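Engineer: Following this message is one structure expressed as structure tokens.
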Amino acid sequence: MCQQPLTTEIRMTFEEFDLDDVLLSAIRKQRYNKPTPIQEAAIPLMLDRKDVLAGAATGTGKTAAFVLPALQYLLDEPKYASRHPRILMLAPTRELAFQIHKVVQKLGHFCDAPSVIMTGGFKLGTQIDVLTRACDIMVATPGRLAKLVEEDAVTLSYIEMVIIDEADRMLDMGQGPVVRALLDAIPGEFQAGLFSATLAGTGIEKFAADILDEPEIVQMDAPNTKSEQIQQVVYLADDKAHKNALLDNILKDASCESAIVFCNKKDKAIEVTEWLQSQNISAQVLHGDFSQATRLDKINKFKKNKIKVMVATDVAARGLDMLKITHVINYDMPFRGDMYIHRIGRTGRAQQVGIAINLVERHDLKPLERIEYHLQQKLPVEKIPGLAASFTIKQMEKKAAKKKKPKKKAPKKEKKNKKVKKIKKS
Ligand code: AMP
């Protein structure tokens with residue numbers, strides 16, 4: 001399989017932005033050489049105090065695209081430290097919130113920008129204690145923040161900037177009303193940035209219209225396309241045993257250093273993990289039922305390469321940020337196109353090349369078709385020598401077309417006979 005990255009032309013340098021030296025030092029410390037396209041587009045707009053609606057796939061560097069302007073805002077508008085947050089960053093899941101907070105801490109390393117993170121999975125009392133300390137930036141998940149506001153543990157009266165990350169996912173998870181209520185609790189004007197993998201559909205346009213004021217729209221990828229450095233491929237499988245054999249082959253290939261295998265359901269994820277372990281492949285399962293501590297422990301092991309394969313469900317894998325994931329494998333095809341984009345966004349992050357592999361049985365052909373329609377592209381079908389499937393997509397399409405042909409109407413005569421029979425019966 002060819003693994004040449006598609007190159008993206010990057011023109012600007014970070015020095016060309018109106019960023020303070022302390023931020024440029026932090027950028028250098030992170031070894032970011034040049035802005036990614038989303039950073040190049042969104043940072044100047046946010047520094048200009050514009051509301052921004054940005055469509056960017058995961059892994060494109062979108063977090064720094066809003067964290068840098070947020071930090072610059074605090075440097076430009078210094079105020080006495082207080083326990084009331086001035087900048088609010090909302091994320092749909094705990095993992096993503098932690099990931100954002102980490103970027104805030106790293107890029108804010110050389111400035112005085114105290115930050116806190118508030119998510120579910122932790123004792124409310126402990127978090128309320130934390131809220132007595134100075135805080136300029138609050139990273140939070142909507143549900144937990146709403147609870148803290150309800151408890152009067154935090155006020156949103158001093159918010160001057162709001163960032164909403166992965167807004168499409170937030171809406172999918174039903175968090176829209178909570179987010180709207182939180183924003184309604186902000187009395188003053190605020191600058192807002194809304195980031196989303198996709199800008200089309202799922203009510204995102206209405207959500208953005210409610211929240212943003214004459215936003216500048218930044219659309220990095222055409223709607224519904226994947227991040228550029230990801231190679232996508234389909235392998236056809238006859239049945240479960242065949243799928244497992246393909247998976248085994250892919251994971252044992254020398255090119256596979258670290259992989260996420262996606263399953264649609266928890267039970268399937270557990271089953272696949274157990275099977276992989278029985279094949280002596282270092283694997284662990286991550287699903288939504290684990291406690292936050294266990295999830296973080298599993299994620300850390302994976303990040304440190306102590307475990308090669310993470311078998312995950314969608315909710316559990318959200319927000320994982322690992323530079324070294326070489327492969328994302330869809331053991332089950334996701335039901336929707338945006339989920340597919342989120343999944344494959346786990347690989348090919350920053351300037352690396354990643355591979356997204358779809359294992360497709362006959363019954364997965366419908367979801368595959370839906371995803372291809374969403375992406376507006378056909379995914380290439382390839383074969384692993386010795387593991388080719390006994391069917392092709394063309395054959396299946398022909399079969400389906402035959403089935404669809406309308407049946408010939410029964411001759412009128414027979415119909416009459418049937419009626420007579422009925423009358424006789426009654
Ligand atoms: P994100 O899309 O924000 O999740 O970022 C994906 C990955 O890209 C993270 O690991 C970042 O540390 C990394 N990253 C962000 N900006 C840059 C940059 N300008 N150059 C290189 N890597 C970057």
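Only the coordinates and a few stated rules stand behind these numbers; no lab work does. Everything numeric here is computed off the predicted structure, so don't read it as measured data. Cβ placement follows ideal geometry from the backbone for every residue including glycine, while neighbour counts extend to all protein chains displayed.
Engineer: Between Ala181, Ala97, Ala113, find the one with the highest GNM mean-square fluctuation for the chain; connect C-alpha pairs within less than 10 Å.
Structural biologist: Among Ala181, Ala97, Ala113, the largest mean-square fluctuation in the Gaussian network model of the chain belongs to Ala181.
Engineer: Counting only residues 5 or more places away or on other chains, whose amide H sits under 5 Å from the amide H of Glu160 once H atoms are built in the peptide plane?
Structural biologist: Ile87, Leu88
Engineer: How big is the dipole moment of the chain about its Cα centre under a simple scheme where the beta carbon of each Lys and Arg is +1, that of each Asp and Glu is -1, and everything else is neutral? Debye, nearest 20, please.
Structural biologist: 4560
Engineer: Pulled fully out, how much extra length does the chain show between Asp253 and Val353, if you take 0.36 nm times their separation in residues and subtract their Cα-Cα distance?
Structural biologist: 34.4 nm
Engineer: GNM on the chain, C-alpha springs below 10 Å: top fluctuator among Phe122, Phe190, Phe98?
Structural biologist: Highest fluctuation of the listed residues: Phe122.
Engineer: Can I ask one more? List Arg31, Arg362 from most exposed to least, where exposure is judged by having the fewest other Cβ atoms within 10 Å.
Structural biologist: Arg31, Arg362
Engineer: While we're looking at this one, here's another question. Quick one: 3J(HN,Hα) in Hz for the stretch 174-182, Karplus 6.51/-1.76/1.60 with θ = phi - 60°, rounded, Gly and Pro as x.
Structural biologist: x, 8, x, x, 5, 4, 4, 5, 5
Engineer: While we're looking at this one, here's another question. From the mean inverse distance of alpha carbon pairs (Kirkwood) and the Cα radius of gyration, derive Rg over Rh for the chain.
Structural biologist: 1.07
Engineer: Also: Suppose a student asked you for the relative contact order of the stretch 174-290, using Cα pairs under 8 Å spaced at least 6 residues apart; what percent would you report?
Structural biologist: Relative contact order, the stretch 174-290: 14 percent.
Engineer: With each run of n ≥ 4 DSSP H residues scored as -39500 (n - 2.57), what mean residue ellipticity at 222 nm is computed for the chain after dividing by its residue count and rounding to the nearest 500 deg cm²/dmol?
Structural biologist: For the chain, the value works out to -12000 deg cm²/dmol.
Engineer: Now, a different point. Between helix 292-303 and the chain, what is the angle of the helix's C-alpha long axis to the longest principal axis, kept within 0 to 90° and rounded to the nearest 10?
Structural biologist: 80
Engineer: Can you give the FRET efficiency for Glu205 and Glu15, using 1/(1 + (r/R0)^6), R0 = 35 Å, r = Cβ-Cβ distance, to the nearest 0.05?
Structural biologist: Rounded to the nearest 0.05, the efficiency is 0.45.
Engineer: Order of Ser258, Ser115 from fewest to most other C-beta atoms within 10 Å?
Structural biologist: Going from sparsest to densest Cβ surroundings: Ser258, Ser115.
Engineer: Percentage of Cα-Cα pair distances in the stretch 70-216 greater than 17 Å, rounded to whole percent?
Structural biologist: Summing the P(r) tail past 17 Å for the stretch 70-216 gives 59 percent.
Engineer: Please give the length that would be gained between Ser157 and Asp239 if that part of the chain were fully extended, namely 0.36 nm times their separation in residues minus their C-alpha to C-alpha distance (nm, one decimal).
Structural biologist: In short, 23.8 nm is gained.
Engineer: If you don't mind, another one. For the Cα atoms of the chain, what angle does the longest principal axis make with the long axis of helix 266-278, in degrees from 0 to 90, nearest 10?
Structural biologist: Computed tilt is about 80 degrees.
Engineer: Give me Lys394, Lys308, Lys252 sorted ascending by neighbouring Cβ count inside 10 Å, so fewest comes first.
Structural biologist: Lys394, Lys252, Lys308
Engineer: Rank-order 156-167, 280-291 by packing density, defined as the average count of other C-beta atoms within 10 Å over each peptide's residues, highest first.
Structural biologist: Top to bottom by mean Cβ count within 10 Å: 156-167, 280-291.
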